[in-house]
Each structure stands twice: as structure tokens, then as C-alpha cells.
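Below: the structure, in C-alpha cells.
The values are calculated or read from the model by the stated rules, or taken from the named source; none is laboratory data. Please read all numbers here as calculations on a predicted model, not as lab measurements. A quick note on method: Cβ atoms are made from the backbone with ideal geometry, for glycine too, and the neighbour counts reach across all protein chains shown. With ligands, DNA and RNA removed, areas are computed over all heavy atoms of the protein, side chains included. Shrake-Rupley method; radii C 1.70, N 1.55, O 1.52, S 1.80 Å.
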Amino acid sequence: MPNRFQILSLDGGGIKGIFSSAVLAHLEEDLKIKITDHFDLITGTSTGGIIALGLGIGMRPRKILRFYVEKGQIIFPNGRFSKLKQLWRNKYDSGPLEMALKECFGDTLLGASKKRLVIPSYKIGDDDVYLFKTPHHERLTRDFKVPIWKVAMATTAAPAYFPSFRNVDHIRLVDGGVWANNPTMVGIVEAVSMFQIPLESIAVFSLGTTDALKGRSKRLDRGGCCQWAMEAVDVIMRGQSIGANTQALHLLGKDKLLRLDPKVQDGLFQLDRMNEEELLSKAAHISRHFSPDFKATFTEHHAAEYKPFHK
């Protein structure tokens, strides 16, 4: 049984994946390390899922960052959108995202990952969670045959932004962020249930995509559907993320969980709007101050080689 089992957890957040991939790139370059050398399991939701999948097949964070910078405006074009149309149809065509992911990952299968991965999605047809997993346990006999680009499409199919993804056994899959935008607990549960790792051996680096400071209107105190229409999704997403982090803190303790998700001005960054310069600036500043804590907590541990059960 290992004395230490380290998990890298990557939040969802659309184009704000620029921030998290840039933070990882700075940590690698400042500390002269390879991030994946120090983590036994990586879990990522939505844009965090794309980053996790890239890391799994050996892409460095700097290369993943280039993917976001080069493809962001293609995936989220700055066109004029009909507000009325958005009430009935998803905002974006998923074609450009699919093309970008195919170009990035090609025909590589999930089973080619050199790291253990857990990527959340959600089945809207059955109202059930769906987790894509590398074959790191003998009973995981299916997902490793799925192309990585399909896994990425399934975890990033954000409701109202993209249509559901139905190209994995015809299952109606949407963004894993509807239930695990912060997948920290997903990683902890996987470590305990699949590998029988004791909680005292687990350490987690949980990386967000920035956290907007919001003021909640007092109208919500007694509000109905109209008052909650614009706030409900954000409150639910933020609530489950905070809840996951709080649960993980209770299980692991403050010295075994480092969460990096800096507060920013409300409206500064959005899921589907490029603000490349500001995001890169924020990542450079935050990672500079965080680097010593990361080094002290995570770099002494070197993950054992991952050997899949199936190929």
C-alpha cells in the first residue's frame, strides 16, 4: 500500500481553461518538473477534462495552452446571437469543437493514456452520472476503447451552449459540470473505492478556472421562477463546487488539499468569451505566489508507473 497517493483535480470553465493550463505550464517551468510525474490519478470535468486527457497522453501544459489560444475563437465565435433563438436552441454548433478535438487527439484511444484518468459526464436520458475511466481496474473493460476526442466531446457538452453528445453507444451525454464541475470528490472516491487507498494517504491539488465575486440580490430570498431564472444555474454550479471542496477538506484535512481558484471581479471572465491577456496575466501572477506551496506539498512524491489492466 502506498504511503502517498496524489490526485490532480481540474475544474470545468469553458475557455477559462486558458487559466488552468497556463498555471500548470508555469509550475512546470518554474520548478523544472513534469506535472504528471507527481500525480497518481488525474480527474477533470469539461474543459478540465480536455486538459486531463491531454496530460494523460503526454502533452505538456504549454502545448495544451496553445490549443486553447489557437482554437478558442473557432469554438466560441464572436458572432451576433439571437437572444430569442437561445431560448429554444443551443448557442453554439458543436462542429468546430469536434474538429478541434479531432485535430488535437486524432484517433488516439482512452486506453493509450499513460496516467489513470476519470472524466465525468452525465446521462440526461437516464438521469445518471457517467464516468469515463482508463483501464486502471480489472473490471473497467469498455471505456479504454473509446477515442479520446469522443470523451472530450461528452464531458464538454455544456447545456444551452452545445447539443448533447450521442456518439458513444448512442447515449445522450452532457457536460459533467452539471454534477461535478469541481471533481475533487470524484478523484477521492475513485482512490478509495478502486485502489483501497486510505484517506490519510491521499493528497489533492484542486485547480479551478477563477471564481467570480458575485453579489446575490435580496429578491432571491422570496423569489419565484422569474427572479431565479438568471441566477439558478450559477448558484447551483457554485454551490456544488464549494460543497465538494468542503467535503474533501473534512475528509483529508487542510494539509492534504490545496485548492487554487482565485477570486476575480464579476463579469471579468466568461465561459465562452476570450479574454486571453487577462487570463494569462492572472495565471502568471497566481502561479508565482503558489509555486512554493505546490513544491512543498506535491513534488517530493513521484507517482509509480501506471500499468493498465487492458490494452
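Distance from the C-alpha centroid of region 183-197 to that of region 239-263: 15 Å, rounded to the whole angstrom. Placing a label point 7 Å from the Cα of residue 299 along the Cα-to-Cβ direction, the residues of region 23-53 with a backbone N closer than 15 Å are 24-39. For the set 130, 92, solvent exposure ranked by accessible area (probe 1.4 Å, protein chains only) runs largest to smallest as 130, 92. Work out, in µm²/s and without decimals, the Stokes-Einstein translational diffusion coefficient of the chain at 25 °C, 0.890 mPa s, Rh from Kirkwood over C-alpha pairs. Rounded, D is 125 µm²/s. Annotation: per residue accessible area for region 5-299 equals 47 Å², rounded to a whole number [probe 1.4 Å, protein chains only]. On the beta carbon distance between residue 278 and residue 311, with R0 = 35 Å, the FRET formula returns roughly 0.25. Close amide H contacts of residue 211 (hydrogens built in the peptide plane, cut-off under 5 Å, sequence separation of 5 or more or a different chain): 263, 264.
Projected label points at residue 193 and residue 139, each 7 Å from Cα along the beta carbon direction, are separated by 0.9 nanometres.
Residues whose amide H falls under 5 Å from that of residue 257, counting only those 5 or more places apart or on a different chain, are 204, with hydrogens built in the peptide plane.
To the nearest 0.05, how large is the calculated FRET efficiency for residue 66 and residue 170 if R₀ is 22 Å and r is the Cβ-Cβ distance? Write out the running numbers ahead of the final one.
Values: r = 34 Å, r/R0 = 1.53.
FRET efficiency, residue 66 to residue 170: 0.05.
Averaging Cα coordinates gives a centre for region 113-130 and one for region 1-70; these two points are 18 Å apart. Rounded to the nearest 20, the Cβ-based charge dipole of the chain about its Cα centre (Lys and Arg +1, Asp and Glu -1) stands at 440 debye. For the chain, set up a Gaussian network in which alpha carbons nearer than 10 Å are linked by springs, and say which option among 251, 65, 207 fluctuates the most. Per the Cα network of the chain with a 10 Å cutoff, 251 tops the list. Backbone phi angles across region 236-248, fed through the Karplus curve with coefficients 6.51, -1.76 and 1.60 (θ = phi - 60°), yield HN-Hα couplings of 5, 5, 5, x, 5, 5, 5, x, 4, 5, 5, 4, 5 Hz in residue order; Gly and Pro are listed as x. Computed with a 1.4 Å probe on the full set of protein chains, the accessible area for residue 169 sits at about 100 Å².
The slack in the chain from residue 246 to residue 90, taken as 0.36 nm per residue of separation less the alpha-carbon distance, amounts to 52.9 nm.
How far apart, in nm, are two points set 7 Å out from the Cα along the Cα-to-Cβ line at residue 99 and at residue 74? If labels sit at residue 99 and residue 74, their model points lie 0.7 nm apart. Subtracting the Cα-Cα distance of residue 200 and residue 108 from 0.36 nm times their residue separation leaves 29.6 nm of extension gain. Ordered by 1.4 Å accessible area with all protein chains kept, 185, 153 run largest first as 185, 153. By accessible area, using a 1.4 Å probe on protein heavy atoms only, region 5-299 has 52% of its surface on carbon and sulfur.
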